[in-house]
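Since the structure comes first, as structure tokens, the remarks are kept for the end.
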Amino acid sequence: MIIDCHCHFDRMQNPQSFLYENELRGNYIIGMTNTPRHFQIGFPFVKSCRFIRLALGFHPQAIEEIYSQLSLFKELINNTSYIGEVGLDFNKYFINSKSIQLESFDYICACLSSQKKIISIHSRMAEREVINILEKYNISTPIFHWYTGPLGLIPRIIELGGYFSINEAMTLSENGRKIISHIPLNRLLTESDAPYNKKNNIISALNNLNIDSKVIYSNFKTLMNTIR
């Protein structure tokens, strides 16, 4: 059994085969979507799944194309307990949409402020701004996906009740391992970020860190209890 808190099975070549195989194995999978419309299309396929869930997303890298779907995002919130991928991305390729990203993420967090949800966060080069908005709306237990930000912000995320989903690629890089070493063991979760991330073997990631999969399962159960 594996715990995958962040993958994009809707972008795989054969999503239905992926769902079938992982249901048989009893793997816990949270699938991200990049847009509310993608969620609408995919949700019927996972509705009857026991171990697999689909998250409602609003990806910051696609913000200019999907801004008109913000109202749809709000309409769909009550269809799922899982939100992602949402957040901010201020790297050089997306910095021009900074203003609309901030507006959209603020709106999304306002919608989620009184909700019990599992939220997977994208925060590349915008970690401080993401945390500020999460704190503003009292969003607790967010999962920071593939965190690459300053070590000094990790305590603020922990204080929020946050978790970090780590992947094999992180365990193979010096910076990734440094970041992981600063995260309390009880706040670690695992992810693949497949199919975008090619170094996505969760078992290998845990072996690289000498972490027992039971630790991740325990953390996952603790997080799941927050939405029950």
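Taking the numbered list (1) within 16 Å of the chain's Cα centre (by Cα); (2) at positive phi; (3) not small (Gly, Ala, Ser) in turn, ASN138 passes all entries but (1). Answer yes if at least one residue in segment 103-119 is farther than 17 Å from TYR67 by Cα, at pLDDT 95 or above and of a type in the set (Asp, Glu), and no otherwise. Within segment 103-119 (the criterion being farther than 17 Å from TYR67 by Cα, at pLDDT 95 or above and of a type in the set (Asp, Glu)), the answer is no, since none of the residues qualifies. Of all residues in segment 8-45, those that are closer than 25 Å to GLN69 by Cβ, touching a Phe, Trp or Tyr at 6+ places or on another chain (Cβ under 9 Å) and either β-branched (Val, Ile, Thr) or surrounded by fewer than 16 Cβ atoms within 10 Å (Cβ to Cβ) (or both) total 7.
Taking the criterion of being closer than 18 Å to MET125 by Cβ, in contact with a helix residue (DSSP H, G or I) (Cβ under 7 Å, 6 or more places away or on another chain) and in a loop (DSSP other than H, G, I, E, B), the residues of segment 56-92 that qualify are LEU88, ASP89, PHE90.
Residues in segment 46-86 that are within 23 Å of LYS116 (Cβ to Cβ) and charged (D, E, K, R) were compared, and the one that is surrounded by the fewest Cβ atoms within 10 Å (Cβ to Cβ) is ARG50.
Checking segment 100-118 against the condition returns a match, with at least one residue being in contact (Cβ under 8 Å) with a residue 24 or more places away in the chain and part of a strand (DSSP E or B). Could you please find all residues in segment 78-130 being farther than 24 Å from TRP146 by Cβ and of a type in the set (A, V, I, L, M)? Result: ALA110, single match.
When segment 112-129 is filtered for residues that are in contact with a Gly (Cβ under 9 Å, 6 or more places away or on another chain) and of a type in the set (Ser, Thr, Tyr), the ones remaining, listed by number, are SER120, SER123.
Provide a single number: the residues in segment 12-55 that are outside any loop (DSSP other than H, G, I, E, B), closer than 20 Å to ILE166 by Cα and in contact with a helix residue (DSSP H, G or I) (Cβ under 9 Å, 6 or more places away or on another chain).
Just the residues of segment 12-55 that are outside any loop (DSSP other than H, G, I, E, B), to begin with: 15-25, 28-31, 36-46, 52-54.
Among the residues that remain, those that are also closer than 20 Å to ILE166 by Cα are: 22, 28-31, 52-54.
Checking the rest, the ones that are also in contact with a helix residue (DSSP H, G or I) (Cβ under 9 Å, 6 or more places away or on another chain) come to 22, 28-29, 31, 52-54.
Counting residues in segment 12-55 that are outside any loop (DSSP other than H, G, I, E, B), closer than 20 Å to ILE166 by Cα and in contact with a helix residue (DSSP H, G or I) (Cβ under 9 Å, 6 or more places away or on another chain) gives 7.
The values are calculated or read from the model by the stated rules, or taken from the named source; none is laboratory data. These figures come from a predicted structure and were not determined experimentally. Because the Cβ atoms are built from the backbone with ideal geometry, glycine has one as well, and the counts that use them run over all protein chains shown.
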